């Protein structure tokens, strides 16, 4: 290390409180910046991964909606499904009907678990397990229901227990009711934190709801070697007034809806970076002004201006390196805390993560803070080396 | 060796103006001076007479408003800021009244500073710094920081730093200004010893004992030099 730089680093150790406060400030700014960078792209990335994990590349939904968006349905599904299956590249079509239902344990269920609950029901092809991961038992066959594992725990039911399902908001209201056997429990991958859905065979739910030959949306699997976008265009051409979207299209639409988060992230991230630069610039300015006499003497001795500036700037960089490093660790902790708050946001699957820990985001935040600190430290250092040496030699005390 | 015809620095009709707000202040009004190799010259005069200004001009720390300063034959006015810095680094040793040692560095690290700036290798600069500190009588204080040294010891470290690159000329501006009488005498003795070893010295001072100990003396009065 250069001799002058050594002095700068020791100056930092010599003023532990000032150094600690500066490092803390830089750490907080870095953490905020890193979290905002992660928030900016985290939802889209995790939602995209979630969609891709189910193995269906396309979705067909009522015009202008996305799956689980509204209770709108697609009528005349059987004929539409035949047309879709006729499109080249369509390997499998999995229709889904989603609607609100009430469920309650039949009288012979466990004590204390008989209260009716309002929840989401999905009707699906028994072969289609794209919406849930089985935990216990089996998928729902005719006259059966698969219960969300959390709902099962809450109601005290498991495989072979019996539930009553009603389409109305309660069993006392006017509506259709069916008695079903619990085939198993599962985790619904697109469920929100508050949703604890149940799954029935599509035919059963259609019959229960009276929505014959109607579905809420369908998931389409594209055969190997086919381009999802080309298949989407083919379906759109034969499907008429429905929305056909790829997973990327769903992600993009979600991204549009969440642009508010991104804007907030950009603003807060920029403010964090600015605050870090301001802090480093102020501390360097104070530190340099305290050493003007020394700087003048070093210049008088013949040490080059660039070398002095580099060594003074190193002090800022070291503060950013240390503060930024701590900040990255802090960012991970804060992201976890914020995630626990934001995961309850209505309308988003619980499996979607707001903060996806991405090394790229962390390194970008770290790099930006170091760069801004270096620039902020450069300004007072440059100014100090441009002052008149002769007057400073007599004005300043070492 | 000391004598005519071997000048290190020659100043002719040098003036230096400063601006204080809108007022122009003339610190030097046509000073003349020649420093020969091996000289030990004392520059005396009252406060504000222009002693420090003259030293800064001789060493290329500052540039004359008019007149010429030639250092080892080079016109300092024609050199850029960085060229003058490079010249000072290798050919001029500066000693300040307030020492201006880097407080967080040890004595040996302070002396290493000009050597490092001159890109002397780590091992060699450490050896040379230790040797020059030994020469000024601080062989047992190499690892001490300025705060752990007396004023006289700090000034000797500063002198060692000035000598580190074996300069052609050492300029000392009020080197005993912050020291007590006994310590000032030791600094004078050190200067005399260094001069006897061939170091060329110009010392600006109020200290009559120090001035008397030099081989030659000029006085600066109202910005002009008098033999």
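No value in this document is a laboratory result; all are computed from the given coordinates. Keep in mind it's a predicted model, so treat the numbers as computed, not measured. We place every Cβ from the backbone using ideal geometry, glycine too, and count neighbours over all the protein chains shown.
Key figures for this structure:
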{"read-out": "R0 of 45 Å, Cβ-Cβ distance residue A:230-residue A:340: FRET efficiency to nearest 0.05", "value": "0.60"}
{"read-out": "Rounded to 10°, Cα long-axis angle of helix A:3-14 versus longest principal axis of chain A", "value": "70 degrees"}
{"read-out": "Top of A:192, A:167, A:282 by mean-square fluctuation, Gaussian network on chain A, Cα under 10 Å", "value": "A:282"}
{"read-out": "Relative compactness, segment A:1-107, computed as alpha-carbon Rg over 2.2 N^0.38 Å", "value": "2.21"}
{"read-out": "Compactness of segment A:123-218 as Cα Rg over 2.2 N^0.38 Å, two decimals", "value": "1.02"}
{"read-out": "Three semi-axes of the equivalent ellipsoid, segment A:262-329, Cα gyration tensor, whole Å, largest first", "value": "32, 12, 10"}
{"read-out": "Whole-angstrom Cα spans of segment A:263-398 along principal axes, big to small", "value": "69, 21, 21"}
{"read-out": "For chain B: relative contact order, % (alpha-carbon pairs under 8 angstrom, 6 or more apart)", "value": "29 percent"}
{"read-out": "Residue order, fewest to most surrounding Cβ atoms within 10 angstrom, among A:162, A:386, A:221", "value": "A:386, A:162, A:221"}
{"read-out": "Cα centroid separation, segment B:115-178 to segment A:230-250 (Å)", "value": "81 Å"}
{"read-out": "Most mobile listed residue (B:109, B:91, B:83) in chain B, GNM with C-alpha springs under 10 Å", "value": "B:83"}
{"read-out": "Scattering curve values for segment B:12-117, log₁₀ I(q)/I(0), Debye with Cα scatterers, q = 0.24 Å⁻¹", "value": "-1.39"}
{"read-out": "Projected label distance in nm at residue A:371 and residue B:222, using a 7 Å step from Cα toward the beta-carbon", "value": "6.2 nm"}
{"read-out": "Spatial separation of Cα centroids for segment A:296-355 and segment A:22-50, in angstrom", "value": "11 Å"}
{"read-out": "Whole-Å semi-axes of the ellipsoid equivalent to the protein assembly as shown (Cα gyration tensor, √5λ, descending)", "value": "88, 24, 18"}
{"read-out": "Interatomic Cα distance distribution for segment B:43-89, bins of 5 angstrom, percent", "value": "5, 23, 30, 21, 11, 8, 2"}
{"read-out": "Rg/Rg_ref, chain B, where Rg_ref = 2.2 N^0.38 Å and atoms are Cα", "value": "0.99"}
{"read-out": "Chain A: most fluctuating residue of A:18, A:194, A:181 per GNM, C-alpha cutoff 10 Å", "value": "A:18"}
{"read-out": "Theoretical ellipticity at 222 nm over the protein assembly as shown - DSSP helices of four or more residues, -39500 (n - 2.57) apiece, nearest 500", "value": "-15500 deg cm²/dmol"}
{"read-out": "Histogram of C-alpha separations across segment A:246-290, 10 Å bin width, %", "value": "25, 25, 20, 15, 10, 4, 0"}
{"read-out": "Principal axes of segment B:13-53: Cα extent on each, largest first, Å", "value": "42, 21, 11"}
{"read-out": "Overall Cα dimensions of segment B:110-157, principal axis frame, Å, largest first", "value": "30, 17, 15"}
{"read-out": "Ellipsoid equivalent to segment A:218-320 - semi-axes via the Cα gyration tensor, in Å", "value": "62, 17, 8"}
{"read-out": "Between segment B:3-61 and segment A:359-381, the alpha-carbon center distance in angstrom", "value": "46 Å"}
{"read-out": "Distance histogram for segment B:65-140 (every C-alpha pair counted, 10 angstrom bins, percent rounded to whole numbers)", "value": "16, 40, 28, 14, 1"}
{"read-out": "Angle between chain A longest axis and helix A:247-257 axis [Cα atoms, degrees, rounded to 10]", "value": "60 degrees"}
{"read-out": "Between helix A:305-342 and chain A: long-axis angle, C-alpha atoms, 0 to 90°, nearest 10", "value": "20 degrees"}
